[in-house]
Amino acid sequence: MKLPPGSKYFLLAGVVGLAAVFLVHRFISSTVRIPIIPSAQLVVAEVDIAPGTALDGRVLQVAAWPRDIIPPRAVSTVKELEGRVAQTPIAKGEPILPSKLAPEGTAAGLGGLLSPNSLAITVHQPRRPG
């Protein structure tokens, strides 16, 4: 089989190009290291949580966060939060902190967020025509 003139040069250029790509990739891989950031588990909101909502596994999830940015007193297990009630709004993905929760034993709903000597009532407001 006879090759067209100059085809040896194309073949040689291809081999040299592949060798160059391999060597450059190997050099970059050996000099660039991705740092390993230590992480820890903490509980975050899986959905937006309104005040007065009882916390359970449906609205919470455990996520890995870098240890350097985990807030103090962050909760690490869902079991610690079962039955607790949100006192302030908690955004999706936000860590669950005890400061955002009502005291233990508080009932879910608006009544649980009121101070002991307070009373809440609903008022019907008629719609305005037009």
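Of all residues in region 52-65, count the ones that are open to solvent by less than 50 Å² (accessible area, probe 1.4 Å) and either in contact (Cβ under 8 Å) with a residue 40 or more places away in the chain or in a loop (DSSP other than H, G, I, E, B) (or both). Steps first, answer last, please.
From region 52-65, those open to solvent by less than 50 Å² (accessible area, probe 1.4 Å) are 52-57, 59-60, 63; that's our starting set.
Remaining after also requiring either in contact (Cβ under 8 Å) with a residue 40 or more places away in the chain or in a loop (DSSP other than H, G, I, E, B) (or both): 52-57, 59.
Counting residues in region 52-65 that are open to solvent by less than 50 Å² (accessible area, probe 1.4 Å) and either in contact (Cβ under 8 Å) with a residue 40 or more places away in the chain or in a loop (DSSP other than H, G, I, E, B) (or both) gives 7.
Looking at region 23-51, which of its residues are open to solvent by 80 Å² or more (accessible area, probe 1.4 Å), touching a residue at least 12 places away in the same chain (Cβ under 8 Å) and outside any loop (DSSP other than H, G, I, E, B)?
Gln41
Could you tell me how many of the residues in region 1-29 are of a type outside the set (Val, Ile, Thr), over 30 Å from Ile69 (Cβ atoms) and under 38 Å from the mean Cα position of the chain (by Cα)?
Kept after step one, since they are of a type outside the set (Val, Ile, Thr), are these residues of region 1-29: 1-14, 17-20, 22-23, 25-27, 29.
Adding the requirement that they be over 30 Å from Ile69 (Cβ atoms) leaves 1-14, 17-20, 22-23, 25-27.
Next, from what is left, pick out any that are under 38 Å from the mean Cα position of the chain (by Cα): 22, 25-27.
Looking only at that region, the number is 4.
Kindly list the number of the only condition in (1) open to solvent by 50 Å² or more (accessible area, probe 1.4 Å); (2) touching a helix residue (DSSP H, G or I) at 6+ places or on another chain (Cβ under 7 Å); (3) modelled with pLDDT under 90 that fails for Pro4.
Going through the list (1) open to solvent by 50 Å² or more (accessible area, probe 1.4 Å); (2) touching a helix residue (DSSP H, G or I) at 6+ places or on another chain (Cβ under 7 Å); (3) modelled with pLDDT under 90, Pro4 breaks only (2).
Given (1) closer than 17 Å to Ala40 by Cβ; (2) open to solvent by 100 Å² or more (accessible area, probe 1.4 Å); (3) acidic (Asp, Glu), identify the lone condition not met by Glu94.
(2)
I want to confirm something. Restricting to region 63-90 and keeping residues that are among the hydrophobic types (A, V, I, L, M, F, W, C) and within 22 Å of Leu114 (Cα to Cα), which single residue is farthest from the chain's Cα centre (by Cα)?
Val85
May I ask you to say which residue of Ile70, Ile121 is surrounded by 10 or more Cβ atoms within 10 Å (Cβ to Cβ) and farther than 19 Å from Thr53 by Cβ?
Working: Ile121 fails: surrounded by 10 or more Cβ atoms within 10 Å (Cβ to Cβ).
Step by step, each of Ile70, Ile121 is checked, and only Ile70 is surrounded by 10 or more Cβ atoms within 10 Å (Cβ to Cβ) and farther than 19 Å from Thr53 by Cβ.
For region 66-115, which positions are within 25 Å of Ile37 (Cα to Cα) and not in a loop (DSSP other than H, G, I, E, B)?
Pro66, Arg67, Asp68, Ile69, Val78, Pro95 - these are the residues of region 66-115 that are within 25 Å of Ile37 (Cα to Cα) and not in a loop (DSSP other than H, G, I, E, B).
The values are calculated or read from the model by the stated rules, or taken from the named source; none is laboratory data. In this text the structure is predicted, and so the values were computed from the model without any measurement. FYI the Cβ positions are ideal-geometry reconstructions off the backbone, even for glycines, and counts take in every protein chain you see. With ligands, DNA and RNA removed, areas are computed over all heavy atoms of the protein, side chains included. Shrake-Rupley method; radii C 1.70, N 1.55, O 1.52, S 1.80 Å.
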